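The values are calculated or read from the model by the stated rules, or taken from the named source; none is laboratory data. Predicted model only: the values in this text are computed from it and were never measured. Quick reminder, even Gly has a Cβ in these numbers, built from the backbone with ideal geometry, and neighbours come from all protein chains shown.
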Amino acid sequence: MSNSVGEGAGFDPSIANVARVYDYLLGGKDNFTADRQFSDQLLAAYPIVAWIARQNRAFVDRAVRYCADQGADQFLDVGSGLPTMDNVHEVARRVIPGAAVVYVDNDPVAFAHATALLATSDGIAALCGDAREPGKILAEVSDRGLIDLNRPLVVLLTAILHFIPDEDDPAGIIEVFRDAMPSGSYLVLSHGTHDPVPEEPAPAASMFRGASSPLITRSRQDITAMLAGLELVEPGLVAITQWRPAHPPEPRDRAYLYAAVGHKA
């Protein structure tokens, strides 16, 4: 991961990167041989992971639309990954045409693509930043006038904190963002879990040891504790397919991801 906001992370195309693996699982083309080889091994062992990736993307769309419907017009997408279909600004701007969106990722390829493909109009920006340094992210977006921290905003931490080990204090990351957000703000979270089958590891946890970041699944109790100080929008912390689905969820009982939207009163 990059050392600070605005500094490029070390780039090694021979190591599978989680942002580019996610891109591959969603059918994207912005990935390298190591990412494709890793993803193919992942899919051979756990075919469900592509479905999980699609469900996470669908949740992000629903959550962003919900927040925009509540009047939120500033979005900070931390760990945004590579551009895909229905990016955050596209979803938000269907509701609020002038919504401001800042994309933050520590992968230099994701940052370069976000800069070239997403940050092409007023109100859309990309930063190279590390989720483990929320204070630096907030300082830069504020100093550059990208986000007004005196007005409600939406912070997205979707499918990112399960790549943050306990020693880097994922709960503390949420706490920094929560404390900086003014009243009326939202925090959007999705996080991998081992709860559906406690006696088994969640898919691919061991395989990610060879990737750019480890995969650390957590229990519902652990994730609930991370969201302390926020009021959870109904239906609360639930399997990702159960968070306000537009249609009846697919008949699968192992989502392996929890999802929630927290509101700061």
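Residue pairs whose Cβ atoms lie under 6 Å apart, sitting 6 or more positions apart in sequence or on different chains, and linking a residue in segment 20-34 that is in contact (Cβ under 8 Å) with a residue 60 or more places away in the chain to a partner that is among the hydroxyl-bearing types (Ser, Thr, Tyr), are Val21/Ser39. Entry remark, segment 21-56: residues being part of a loop (DSSP other than H, G, I, E, B) and of a type in the set (Ser, Thr, Tyr) number 1 in total. A single entry from Leu138, Leu189, Leu149 fulfils the requirement of being under 22 Å from Pro235 (Cα atoms) and either at pLDDT 95 or above or touching a Cys at 6+ places or on another chain (Cβ under 6 Å) (or both): Leu189. Pick out the one residue from Ala119, Ala100 that is of a type in the set (Gly, Ala, Ser) and at pLDDT below 90. Answer to the selection: Ala119. Trp51 satisfies every condition listed in (1) out of contact with any Lys or Arg (no Cβ under 9 Å at 6 or more places or on another chain); (2) touching a residue at least 40 places away in the same chain (Cβ under 8 Å) except (1). Report yes if Ala171 is surrounded by 14 or more Cβ atoms within 10 Å (Cβ to Cβ), modelled with pLDDT under 95, over 27 Å from Ala112 (Cβ atoms) and not basic (Lys, Arg), otherwise no. So Ala171 fails the test.
Condition check for Ala63 on (1) touching an Asp or Glu at 6+ places or on another chain (Cβ under 7 Å); (2) surrounded by 24 or more Cβ atoms within 10 Å (Cβ to Cβ); (3) at pLDDT 90 or above: one failure, at (1). Here the condition is being modelled with pLDDT of 90 or more and surrounded by fewer than 17 Cβ atoms within 10 Å (Cβ to Cβ); of Gly71, Gly8, it holds for Gly71 alone.
Among the residues of segment 233-242, those identified as surrounded by 16 or more Cβ atoms within 10 Å (Cβ to Cβ) and modelled with pLDDT of 95 or more are Val233, Gly236, Leu237. Specify the residue that is nearest to Gly81 (Cα to Cα); the eligible residues are those in segment 112-126 that are touching a Leu at 6+ places or on another chain (Cβ under 7 Å) and of a type outside the set (Gly, Ala, Ser). The extreme case among them is His113.
Among all positions in segment 98-116, there is no residue which is over 18 Å from the mean Cα position of the chain (by Cα) and of a type in the set (Val, Ile, Thr).
One residue stands out among those in segment 16-37 that are buried (at least 23 other Cβ atoms within 10 Å of the Cβ) and of a type in the set (Ser, Thr, Tyr): the one that is modelled with the highest pLDDT, which is Tyr24.
Here's the yes/no breakdown for (1) of a type in the set (Gly, Ala, Ser); (2) free of Cβ contacts under 8 Å to residues at least 40 places away in the same chain; (3) in contact with a Ser or Thr (Cβ under 9 Å, 6 or more places away or on another chain); (4) in a helix (DSSP H, G or I):
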position	(1), (2), (3), (4)
Ala131	yes, no, no, no
Ala139	yes, no, no, yes
Asp148	no, no, yes, no
Pro152	no, no, yes, no
Leu157	no, no, yes, no
Ser190	yes, no, yes, no
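Filtered by the rule that a residue be among the β-branched types (Val, Ile, Thr), in a helix (DSSP H, G or I) and surrounded by 23 or more Cβ atoms within 10 Å (Cβ to Cβ), segment 83-126 gives a lone residue, Val88.
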